[in-house]
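Report on the following structure.
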Amino acid sequence: MIELEQFRENKLGLNWTTIIIGWYGPGKFVRQLKEKDIIDYAVNLIINDENQKQEVLLLASYNEKDCCEIEELLKKLANEEEVNKEVEERKWEVILLMNLLKGLSDRPIDGLIELTDFWEKFDYPEYSPHVVQGVRNNISPSEYYTKENYHDLVNMHQQWIERQLEEINKL
């Protein structure tokens, strides 16, 4: 599960579309947010600005067992927003990739498989920094699964995160 605080720490703004993507699970990931996360987010909005929509006030009043009610309000709030859903999904990619890199295996074969599995959950987007052996390249397995290549790919992923943070923060 992801903590919404990670978005704030990385200056990735949150909105109801970001929240609902995490609720349903970005890409092919499972749900990343719990009911408590949504309730706490609504409470924090009210603390920072009392002039909130009725739906936000309701969300703040729910408890963790009110799953269906929370989901309905999330849908309503997200549908009322005018935001770029692709940007909000990209925020999730960045946060999830940051978390993956923190726990990535030291062993090249395992780490490369973990990276490939990650990007598969987003259907291998063209903008991905990941390179899969034999896909649109002639890299042999003996070259691909080396420590050197693995380190290069991890560095490419870290640089991609930095670029994404800069680009998203400019929007």
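Rule-based calculations on the coordinates, nothing more; no lab input. Remember, predicted model here, so these are calculated numbers, not experimental data. Every residue, glycine among them, receives a Cβ derived from its backbone with ideal geometry; neighbour counts consider all protein chains shown.
Near Glu64: Cβ cut-off under 9 Å, other residues only, Lys/Arg at +1 and Asp/Glu at -1. The net charge is +1.
For the stretch 48-95, applying the loop criterion from DSSP together with a ceiling of 10 other beta carbons within 10 Å to the GluC sites (Glu not before Pro) yields Glu50, Glu82. When the charge dipole of the chain is built from unit charges on Cβ atoms (+1 for Lys and Arg, -1 for Asp and Glu) and taken about the Cα centre, the candidate among Gly103, Gln54, Ser142 whose Cα reaches farthest toward its positive end is Ser142. Using the rule -39500 (n - 2.57) for each DSSP H run of four or more residues, divided by the residues of the chain, the 222 nm mean residue ellipticity is -20000 deg cm²/dmol. Rounded to the nearest 20 debye, the dipole magnitude of the chain is 240 debye, with +1 charges on Lys and Arg beta carbons, -1 on Asp and Glu beta carbons, and the Cα centre as origin. Within straight cross-link reach of Lys147, meaning Cα distance under 26 Å, which lysines are found once same-chain residues fewer than 8 apart are removed? Hits, sequence-local ones excluded: Lys102, Lys121. Ordering Lys91, Lys170 from the fewest to the most neighbouring beta carbons within 10 Å gives Lys170, Lys91. When the P(r) is computed for the chain, the part past 22 Å accounts for 50% of the Cα-Cα pairs.
Exposure proxy ranking for Arg8, Arg136, based on other Cβ atoms within 10 angstrom of each Cβ and starting from the fewest, stands as Arg136, Arg8.
Taking a spot 7 Å from the Cα of Asn99 along the direction of its beta carbon, which residues of the stretch 121-148 have an amide N less than 16 Å from it? Taking a point 7 Å out along Cα→Cβ of Asn99, the residues of the stretch 121-148 whose backbone N falls under 16 Å are 121-122. If R0 is taken as 22 Å, the Cβ-Cβ distance between Glu126 and Glu80 corresponds to a FRET efficiency of 0.10. Computed extension gain for Glu69 through Val135, at 0.36 nm per residue and net of the alpha carbon distance, reaches 19.3 nm.
Between the C-alpha center of the stretch 1-21 and that of the stretch 104-133 there is a gap of 23 Å.
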